[in-house]
Amino acid sequence: MLQKYEHLSKAFVSIEKLKWSRIVVQGTPHKHAFVRDGDEKVTTEVEVSTGLIAGVRVHGCVSGGGRGSGGRTSMHGSSKCLQG
């Protein structure tokens, strides 16, 4: 994107991944119904710069990790992050 549009010098991307499981109805996983499964959350942030201060910055974390209750979330678990 930064190569295509020369007037841009920086781009940001943020991704958040949560665990979801299908709801079981009469012993069969439902095709379209899901419930939050645990409190684990994986996040990634990427920043790309061009110009005089060109570079890439990546930051990623995994937090939570326990199983939730009834699809509710609580982010009071441990957190592990990587930065580069």
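Coordinate-derived values only; no laboratory data. Just so it is clear, the model here is predicted, and its values are computed rather than measured. Every residue, glycine as well, gets a Cβ built from its backbone with ideal geometry; the counts of neighbours run over all protein chains shown.
Details
- Label point 7 Å beyond Cα of Leu52 along Cβ direction - residues of the range 1-28 with amide nitrogen under 16 Å: 9-10
- The convex hull defined by the C-alpha atoms of the range 1-67 has an orientation-averaged projected area of 6.8 nm².
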